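*Asks:* Dropping a structure here in structure tokens format, bear with me for questions.
The values are calculated or read from the model by the stated rules, or taken from the named source; none is laboratory data. On a predicted model such as this, the values are computed, not experimentally measured, just so you know. Ideal geometry is used to build each Cβ from the backbone, glycine not excepted, and the neighbour counts take in all protein chains shown.
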Amino acid sequence: MSVRRARSGGHDLVAASFAALAFTLLAQVVRVYPPLGFDLAEDLGGTGGYVAGVVVALLVFGAPILAAVPGIVGRGRARFVAATGALVLARSAIQSVHPVPLWLGALGVGVALVAVVGLVASIRRVFGDRALLLGVLMGLALDTAIRGAFQTWDVAWRDDPAAVAAFAVLGVATLGSAFAVRVSGEAQPHPPALRLAVFGPFLALQLLFLQNPAAVGAHAELPLEAAVAVVLAGDVAAALGLSVPLAAGGAGVLAIAASAGAYALTEVTGPAAAALVVGEQVLLVRLLARALVPEPLRVGEGRPLRLAGSVALGSLLFVLPVLLYQVHHEVPLPFPNAVVPAAAAALVGLGATVRRGRVTGRIPRTVGLVPLALLAVPAAVWLSAPEPELVEGDGRNLRIVSFNVHGAVNVRGQVHPEGTARIIEAQEPDVLVLQEVSRGWPIFGTVDVAEWLSRRLRMPYVYEPAAEEGFGNAILSRLPIVETRGGPLPFGEGPQRRSYLLATIDVGGGRTLTVVGTHLQGSTGSDTRARQIDRVLEVLGGASPAVVAGDMNLQPNEDDVQRFLGAGLVSAQDAVGDPCEPTAWDPEPEEPCDRPDWIFATPDLALSDLTIVRAPASDHLALAVTLTLG
């Protein structure tokens, strides 16, 4: 299957290249909003807070409708360059102001989306939707390569010279290419403007899974560079797949397969997950191309209101699946959240099955060559990866840190894994027990926190999913990890699935330490947390010496503390620290001894030098203690 070839192939490719650059800028702006919006929802608190967060996000992403205001969308070089300038300016503002406030994130998204309406209007009128399709395909690959080069920490959140330079090159290239795009000429056939809305659910699936190296790495159990390579391989395969003819009636079959595949993206793990990502990308790109098949020009298709409304609908169909998929872990939906990506794929399929017109022509080789060439990026990431700093223990002393890192998003809603790393680094830990480790969740900036911290701290890691494959617990260690296992904890009333992770650490001298990391359910008036504690103690199995650490969502005055103490464990903070020092970040705490985070140790471990690091890198504080084996 392929798309109609425009009469001026060179100009067509220039327009598609411009669209790729503009799309990359837009993607960077859009990804800034989810962490800021989630921070707003958490600040408001409760179910009402998350509902309010969703409503605000829908208002922000509905901004393209403003392009219907007379004078905003128009023809001509000046309007086209002005729209490009507005997009670059929105992206530049976010790069320049750190920390990024919510209002700026929302304004940046709104301005960028309105500007995109003007760009889309010019490109599709002169070149048809073919140029948009090709531009998005190349832009997806370029955007993934940039994120891979920066180890999934988006350049928009960074202020280091390399990130600023990367944005500057991208911004200048986008502005420069705007002058090279031909914006006048004979109007080209294209489908109804409403068909543009299928970009929304298509891009939602890209953000959640298919163009998300962190999510691919978590599901396929791959290191970062391999996950980036899988994503780019999917882009290459999708571009090549457009050249394969599609049989009559084949779109319906593809739509069903794509919907089933999208559902499976949430369930399949291991090597099969990597194959599924590539196959799903091929299916969705074919369906998107089918939906955008040119049709005879219709009266009124160029009206600003119709185009703005279609882009606004697509924008809402992008953000709504992302929001629903994520909010399910805080406010459960009345159905499995795997239904959300399946429904998004079905919407793309619907756009493909109701189209009219015939698909002819070929796709330029450049579209496939771009992601193919960008495979050099994961190769470079692999070659430049730092060697882990493994040490041999002395058999007696080690320092352990437990930290709920909140997806490396700080208390101001900023994605900042470097801040997290510095807090950990200052404690010079031998073993690190982490909770709320995000691996690709949009509300945490799609960062692979496990991979990023492992590389930054030069500590190998093991990981166990909790809420889903992309969110769980991790243990990092400079000392050799000789055995590891993990699994789910009793779910009870939820709303979020929990897990445990056990690692056996070689501390030297022929001795080992058992470390169990976990993140328990908060008290909801049920026995869920008690059952989870019992399971953790069962997993521990009386091992000694041993440590159980994590965010227990447990206060000192709650009865469930006795479950740990009754099993013979000692609370490190109560033994050698201030029993009333908070471990939650709150400048004005409602309760004086807010201690959700704990380190419990067996009695044969001497405890000393307990430190609670008061820093706003997370809504929890890092808890560190030195262990001495008897």
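*Asks:* When you scan the stretch 527-630 for strands (runs of 3 or more DSSP E) that lie fully inside it, which ones turn up with 1 or more residues that are outside the structural domain of Q435 (by TED's automatic domain parsing) and under 29 Å from the mean Cα position of the chain (by Cα)? It would help to see each step written out before you state the result.
*Replies:* Working: elements: 546-551, 597-601, 605-613, 622-629.
No strands (runs of 3 or more DSSP E) qualify here.
*Asks:* Now, a different point. Select, from G234, G217, the only residue that is touching a Pro at 6+ places or on another chain (Cβ under 8 Å), at pLDDT 90 or above, not assigned by TED's automatic domain parsing to the domain that holds I443 and not polar (S, T, N, Q).
*Replies:* G217
*Asks:* Testing L137 on (1) over 21 Å from P364 (Cα atoms); (2) assigned to a helix (DSSP H, G or I); (3) of a type outside the set (K, R), one condition comes back false. Which one is that?
*Replies:* Going through the list (1) over 21 Å from P364 (Cα atoms); (2) assigned to a helix (DSSP H, G or I); (3) of a type outside the set (K, R), L137 breaks only (1).
*Asks:* For R147, indicate whether it is assigned to a helix (DSSP H, G or I) and either among the charged types (D, E, K, R) or not assigned by TED's automatic domain parsing to the domain that holds V236 (or both).
*Replies:* Values: assigned to a helix (DSSP H, G or I): yes; either among the charged types (D, E, K, R) or not assigned by TED's automatic domain parsing to the domain that holds V236 (or both): yes.
When the stated conditions are applied, R147 passes them.
*Asks:* Are there any pairs, at least 6 apart or on different chains, whose C-beta atoms fall under 7 Å, with the first in the stretch 188-207 and assigned by TED's automatic domain parsing to the domain that holds R130 and at pLDDT below 85 and the second aromatic (F, W, Y) and crowded, with 24+ Cβ neighbours inside 10 Å, and if so, which?
*Replies:* Pairs found: Q188/F127.
*Asks:* Name every residue in the stretch 267-282 that is touching a residue at least 60 places away in the same chain (Cβ under 8 Å) and in contact with a Leu (Cβ under 9 Å, 6 or more places away or on another chain), in order of residue number.
*Replies:* First pass over the stretch 267-282, keeping only residues touching a residue at least 60 places away in the same chain (Cβ under 8 Å): 267, 269, 277, 280-281.
Answer for the stretch 267-282, where residues must be touching a residue at least 60 places away in the same chain (Cβ under 8 Å) and in contact with a Leu (Cβ under 9 Å, 6 or more places away or on another chain): V277, E280, Q281.
*Asks:* Sticking with this one: Scan the stretch 586-625 residue by residue and report those that are in contact with an Asp or Glu (Cβ under 9 Å, 6 or more places away or on another chain), crowded, with 20+ Cβ neighbours inside 10 Å and of a type outside the set (F, W, Y).
*Replies:* R595, P596, D597, S618, H620, L621, A622, L623, A624, V625
*Asks:* Pairs only if they're at least six apart or on different chains, beta carbon under 7 angstrom, first in the stretch 607-622 and of a type in the set (D, E), second at pLDDT below 95 and in a loop (DSSP other than H, G, I, E, B); list them, first residue then second.
*Replies:* Going by the 7 Å Cβ cut-off, the qualifying pairs are D619/W585.
*Asks:* Could I ask something else about it? Can you tell me how many residues in the stretch 262-275 are in a helix (DSSP H, G or I) and buried (at least 23 other Cβ atoms within 10 Å of the Cβ)?
*Replies:* Of the residues in the stretch 262-275, 3 are in a helix (DSSP H, G or I) and buried (at least 23 other Cβ atoms within 10 Å of the Cβ).
*Asks:* Something else: Of everything in the stretch 123-155, what is over 25 Å from A450 (Cβ atoms) and β-branched (V, I, T)? Give them in sequence order.
*Replies:* Those that are over 25 Å from A450 (Cβ atoms) and β-branched (V, I, T): I123, V126, V136.
*Asks:* Kindly indicate the residue of the stretch 415-437 that is touching a residue at least 60 places away in the same chain (Cβ under 8 Å) and in a strand (DSSP E or B) and also farthest from G550 (Cα to Cα) among those meeting that condition.
*Replies:* Once the filter is applied, the top-ranked residue is V415.
*Asks:* Follow-up. Evaluate the following for D574: is it closer than 28 Å to D43 by Cα and surrounded by 14 or more Cβ atoms within 10 Å (Cβ to Cβ)? If you could, list the steps in order and put the result at the bottom.
*Replies:* Numbers: closer than 28 Å to D43 by Cα: no; surrounded by 14 or more Cβ atoms within 10 Å (Cβ to Cβ): yes.
It is false that D574 is closer than 28 Å to D43 by Cα and surrounded by 14 or more Cβ atoms within 10 Å (Cβ to Cβ).
*Asks:* Then there's this: Pull up the stretch 388-410, narrow it to residues that are within 26 Å of the chain's Cα centre (by Cα) and assigned to a loop (DSSP other than H, G, I, E, B), then point me to the one that is surrounded by the fewest Cβ atoms within 10 Å (Cβ to Cβ).
*Replies:* Just the residues of the stretch 388-410 that are within 26 Å of the chain's Cα centre (by Cα), to begin with: 388, 401-410.
Subsequent filtering for residues that are assigned to a loop (DSSP other than H, G, I, E, B) retains 388, 405, 410.
Numbers: P388: 16, V405: 30, N410: 23.
The extreme case among them is P388.
*Asks:* Return a yes/no flag: does the stretch 598-615 have any residue that is out of contact with any strand residue (DSSP E or B) (no Cβ under 8 Å at 6 or more places or on another chain) and either more than 18 Å from H519 (Cβ to Cβ) or at pLDDT 95 or above (or both).
*Replies:* As a first pass, look at the stretch 598-615 and keep what is out of contact with any strand residue (DSSP E or B) (no Cβ under 8 Å at 6 or more places or on another chain): 614.
Filter again for either more than 18 Å from H519 (Cβ to Cβ) or at pLDDT 95 or above (or both), leaving 614.
Scanning the stretch 598-615 turns up at least one residue that is out of contact with any strand residue (DSSP E or B) (no Cβ under 8 Å at 6 or more places or on another chain) and either more than 18 Å from H519 (Cβ to Cβ) or at pLDDT 95 or above (or both).
*Asks:* Would you point out which residue out of P70, P64 is surrounded by fewer than 18 Cβ atoms within 10 Å (Cβ to Cβ) and in contact with a helix residue (DSSP H, G or I) (Cβ under 9 Å, 6 or more places away or on another chain)?
*Replies:* On the way: P64 fails: surrounded by fewer than 18 Cβ atoms within 10 Å (Cβ to Cβ).
None of the others qualify; the one that does is P70.
*Asks:* Quick check on the stretch 518-534. Is at least one of its residues crowded, with 18+ Cβ neighbours inside 10 Å and on the phi > 0 side of the Ramachandran plot?
*Replies:* No - not one qualifying residue is present in the stretch 518-534.
*Asks:* Here's a follow-up. If you go through the stretch 487-508 one residue at a time, do you hit one that is under 27 Å from T602 (Cα atoms), crowded, with 24+ Cβ neighbours inside 10 Å and within 21 Å of the chain's Cα centre (by Cα)?
*Replies:* yes
*Asks:* Regarding T583, is this residue of a type in the set (S, T, Y) and either touching an Asp or Glu at 6+ places or on another chain (Cβ under 9 Å) or closer than 28 Å to E42 by Cα (or both)?
*Replies:* Numbers: of a type in the set (S, T, Y): yes; either touching an Asp or Glu at 6+ places or on another chain (Cβ under 9 Å) or closer than 28 Å to E42 by Cα (or both): yes.
Yes: the conditions hold for T583.
*Asks:* Output the residues belonging to the stretch 100-115 that are within 27 Å of A78 (Cα to Cα) and surrounded by fewer than 24 Cβ atoms within 10 Å (Cβ to Cβ).
*Replies:* Here is the first cut: in the stretch 100-115, the ones within 27 Å of A78 (Cα to Cα) are 104-115.
Passing the criteria: L104, A106, L107, G110, V111.
*Asks:* Among the candidates P294, P321, P336, P332, single out the residue that is surrounded by 19 or more Cβ atoms within 10 Å (Cβ to Cβ), modelled with pLDDT under 95 and out of contact with any Leu (no Cβ under 6 Å at 6 or more places or on another chain).
*Replies:* Values: P321 fails: modelled with pLDDT under 95; P336 fails: surrounded by 19 or more Cβ atoms within 10 Å (Cβ to Cβ); P332 fails: surrounded by 19 or more Cβ atoms within 10 Å (Cβ to Cβ).
After ruling out the rest, the residue left standing is P294.
*Asks:* Being modelled with pLDDT of 95 or more and either closer than 29 Å to L203 by Cβ or in a loop (DSSP other than H, G, I, E, B) (or both) is true for just one of E493, E451, E464. Which residue is that? Write out each step before concluding.
*Replies:* Details: E493 fails: modelled with pLDDT of 95 or more; E464 fails: either closer than 29 Å to L203 by Cβ or in a loop (DSSP other than H, G, I, E, B) (or both).
Among E493, E451, E464, only E451 is modelled with pLDDT of 95 or more and either closer than 29 Å to L203 by Cβ or in a loop (DSSP other than H, G, I, E, B) (or both).
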